[in-house]
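The values are calculated or read from the model by the stated rules, or taken from the named source; none is laboratory data. Treat the numbers as computed from the prediction; the structure is a model and nothing was measured. Positions of Cβ are generated from backbone atoms using ideal geometry, with glycine treated the same way; all protein chains shown enter the neighbour counts. Quick note on the areas: whole protein, heavy atoms, side chains included, nothing else; ligands and nucleic acids left out. Shrake-Rupley method; radii C 1.70, N 1.55, O 1.52, S 1.80 Å.
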Amino acid sequence: MFEHLKEQPADKILALMSAYRADPRTDKIDLGVGVYKDASGNTPVMRAVKAAERRIVESQVTKAYTGLAGDPAFSDAMIGLVLGGAVERARVAAVATPGGTGAIRQALELIRMAAPEATVWLSDPTWPNHPSILKYLGMKSAAYRYFDGATGEVDFSGLMAALGGVAAGDAVLLHGCCHNPTGANLTAEQLAEVIALLKGKGAVPLVDIAYQGFGDGLEADAVATRAIASAFDNVLIAASCSKNFGVYRERTGILMAVARDEGEAKLTQGTLAYLNRQNYSFPPDHGARVVTEILTDPELRADWEAELEEVRLGMLGLREQLAGELARLTNSDRYGFLARHRGMFSRLGVGPEMVERLRAEHGIYMVGDSRMNIAGLNAETVPVLAEAIVAAEKG
Ligand code: LMR
């Protein structure tokens, strides 16, 4: 049987992670996979996570199954964090999932069950696993223009023109904040125009929010998701706790589905529980329990928010330093967008040859489309990267 298997394409981001690990150079710089790193290159367990884990170890009396949808307290806490009361609670169905990717997968499966002919629209570019999962599920997809590589900003007129092709019942994936891979985000005014257009089309938004708290702050980063959630009858929201709680390996995420009314929410809730059962039965609990403990305990929550804010401000500082160095070295503002971008990533906007030169000649690893993980830098490596970019530009 197994002889019939075909080699599968390697995931670009994960392949880069292996290539970096195999590189013997000691001065190499990893700007690849989206994992937060502090100035020493470590990905620490957040203080509140450690404290919550200690409490759970002490107080947990059973490891028996939770429900198929996970612990309802986790859903309530996450709905509060992401939606903040923008939608009546009774209209929201929710299931815990293995990470944000699990939530995306369940969202797409739900769309396929409800509307098998729907096209799912993805920004061009987007996180490479979005089209990959869609293809795997055999679903129809289309791309909408998003980014202007020449300016480093959103190509808004291109985006609106492309979304003009959305048909009634299509799903449109939007990044809730901190667009991955570009770092370029819609303004509030632009988002309002997108919402009006998609409402007019009768589309269903699917929001992927994986970096809440990494852009402009925990509340500010939820504004777009809340505006979308409150504007439509049906919205899907896939949220990840991997990055903002730093619980990557615990696989902690949630899929929320905003329904038209309470009755439709119950039907959706049952379908989501069924989907969990078919795919992996009960979702993982440990990370979800840690997140719930943090979000519901004022002291832990305050400490988590403070640490997350330090992380966010650290990345903003690095962005400004990098944009400043490049302005100085190039005597131009052409990399000024790096300071305006938000979140963990920025797309530098250079070709694959230059990305390869940066890797081969300078030991700097970024994704082939020139996506950089800003958190892979520190105050000492920013000037090294800036010099390398300028050198690689010259060829
Ligand atoms: C990324 O975009 O690098 C992260 O979301 C990690 C991943 O799973 O690809």
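Of the beta bridges DSSP finds with both residues in the chain, what % are antiparallel, to the nearest 5? Spell out each step's value before the answer.
Details: 17 of 36 bridges.
Of all bridge pairs located within the chain, approximately 45 percent are antiparallel.
A straight chain from Gln190 to Ser40 at 0.36 nm per residue would run longer than the Cα-Cα distance by 50.2 nm. Of the residues Thr101, Thr62, Thr292, the one that moves most in a GNM of the chain with alpha-carbon contacts below 10 Å is Thr62.
Counting other Cβ atoms within 10 Å, which trypsin sites (Lys or Arg not before Pro) in the stretch 282-362 have at most 16 and lie in a DSSP loop?
Details: sites: Arg289, Arg301, Arg312, Arg319, Arg328, Arg334, Arg340, Arg342, Arg347, Arg357, Arg359; in loops: Arg334, Arg342.
Sparse-neighbourhood loop trypsin sites (Lys or Arg not before Pro): Arg334.
Expressed in units of 2.2 N^0.38 Å, where N is the residue count, the Cα radius of gyration of the stretch 142-252 is 1.07. With the simple spin-label model, which puts each label point 7 Å out from Cα in the Cβ direction, the Asp333 to Ser230 separation comes to 3.4 nm. For the cross-link pairs Lys28/Lys243; Lys12/Lys199; Lys28/Lys140; Lys12/Lys37; Lys28/Lys63; Lys12/Lys201, the ones whose C-alpha atoms lie over 32 Å apart are Lys12/Lys199; Lys28/Lys140; Lys28/Lys63; Lys12/Lys201.
For the pair Ala22 and Asp261, a Förster radius of 51 Å applied to the C-beta separation gives a FRET efficiency near 0.40, rounded to the nearest 0.05. A Cβ-based charge dipole, computed about the Cα centre of the stretch 265-379 with Lys and Arg at +1 and Asp and Glu at -1, lands at about 560 debye. Its residue count N sets the reference 2.2 N^0.38 Å, and the alpha-carbon radius of gyration of the stretch 1-73 equals 1.78 times that reference. Length gained on full extension, Ala114 to Met160: 13.9 nm, using 0.36 nm per residue less the C-alpha separation.
Helix 47-59 and the long axis of the chain differ in direction by around 30°, with both axes built from C-alpha atoms. Extending 7 Å from Cα along the Cβ direction at Glu393 and again at Glu58 yields two label points whose distance is 5.5 nm.
Each residue was assigned an accessible area with a 1.4 Å probe, and for Val92 the value is about 10 Å².
Accessible surface for the chain, divided over its residues, is 44 Å² per residue with a 1.4 Å probe. Using a probe of 1.4 angstrom, how much of the accessible area of the chain is carbon and sulfur, in percent? Roughly 54 percent of what the probe reaches on the chain is carbon or sulfur. Within the stretch 39-185, antiparallel bridges make up roughly 20 percent of the DSSP beta bridges whose residues both belong there. Taking only alpha carbon atoms, the stretch 65-296 gives an Rg to Rh ratio of 0.94, where Rh is the Kirkwood radius. Percent of Cα pairs in the chain per distance bin of 10 Å, from zero to the largest separation: 5, 23, 32, 26, 13, 2, 0. Which residue, chosen from Ser123, Ser346, Ala391, occupies the Cα position most advanced towards the positive end of the dipole of the chain, where the dipole is computed from +1 (Lys, Arg) and -1 (Asp, Glu) charges on Cβ about the Cα centre? Value: Ser123.
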